[in-house]
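These notes concern the structure reproduced below.
The values are calculated or read from the model by the stated rules, or taken from the named source; none is laboratory data. None of the values given here were measured: they were computed from a predicted structure. Using ideal geometry, Cβ is built from the backbone for each residue, glycine included, and neighbour counts are taken over all protein chains shown. Calculation scope for accessible area: heavy atoms of the full protein, side chains included, ligands and nucleic acids excluded. Shrake-Rupley method; radii C 1.70, N 1.55, O 1.52, S 1.80 Å.
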Amino acid sequence: MSTLPAEALPTGTLPARSHGDEDGAAPLAPRARLLPSLAAVYRAQLSRARVARIPLLFVATFQSIGIMVLMRGVVDGGSEARAVVAGSTVLVVAFVALNLLAQYFGQLRAGGGLDHYATLPVPPAAVVLGAAGAYASFTVPGTAVTAVAGSVLFGLPLGNLWILAAVVPLSGAALAGLGAALGLLAPRQELATLLGQLGMSAALLLGVLPAERLPGPIGWARDLLPSTYGVEALARTFEPHPDWAAVAVDLAVCAAVGVVSLALATWAYRRAAVR
């Protein structure tokens, strides 16, 4: 077989050689941007949660309503009633965003699911924020039903329940970040499940019970719980004349805690993905 020199071939017939060809490997695709990746993970997680978590959402809602019915026998009204309704409402968020998300990431780590995400050109923050946002969004119907039922049960005003539009995402972000971090940092799946359930129990005991009835050291622990500030913000709106400045401060603290907890979860994801 005869060969021709390169100069004899028509112009443009030689394929251009890229830097990747010289190295013997094709160039990698550019890394996906944060916002499109976040939207894709959010939609995927929301679709998954809609199918698998609806029964558990009913359990969380009925649990919170049942707690309010039980507390109705020992609490007549006033600040204690406001604390019970607000704490029971945010408890729905804690059940889904903290407890279930800790179990999900613990299962994802134990089953090798993190290896799948690590092969995708998706920023770690998109994985954590997408899953946390989906689980927090999934709590909206349950919190609305619980807040309305509790307000009717204890005779509280319904006019300011629009504040749930701020309380749910901010409390959800703080609790979901904590839940994701617990699931990713736990060395075993069973421990992640245990930590998630303990966190939800803390939200139940420290959030539903009125703060003035708690002993001093337990009250300090209540101040460290991320959902406390969402509970306080919601409880203030049930007052006849709400202190909106105090509500704004509580929501700002809740937002700051959410940023810190989500940053911790992102770091925990990077740490778990490289192991």
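Inside segment 163-189, residues that are under 18 Å from GLY111 (Cβ atoms) and touching a residue at least 60 places away in the same chain (Cβ under 8 Å) make up a count of 9. So ALA118 clears everything in (1) within 30 Å of VAL208 (Cα to Cα); (2) at pLDDT 65 or above except one condition, right? Which one? The one condition ALA118 does not meet is (1).
If only residues of segment 137-162 that are open to solvent by less than 10 Å² (accessible area, probe 1.4 Å) and assigned to a helix (DSSP H, G or I) are counted, the one that is farthest from GLY106 (Cα to Cα) is SER151.
If I go through segment 210-265 residue by residue, how many of them are part of a loop (DSSP other than H, G, I, E, B), among the aliphatic types (A, V, I, L, M) and either loosely packed, with under 13 Cβ neighbours inside 10 Å or more than 17 Å from the chain's Cα centre (by Cα) (or both)?
Of the residues in segment 210-265, the ones part of a loop (DSSP other than H, G, I, E, B) are 210, 214-215, 225-227, 237-243.
Filter once more, so that each one left must be among the aliphatic types (A, V, I, L, M): 214, 225.
This time we only want the ones that are either loosely packed, with under 13 Cβ neighbours inside 10 Å or more than 17 Å from the chain's Cα centre (by Cα) (or both), so: 214.
Total satisfying the criteria: 1.
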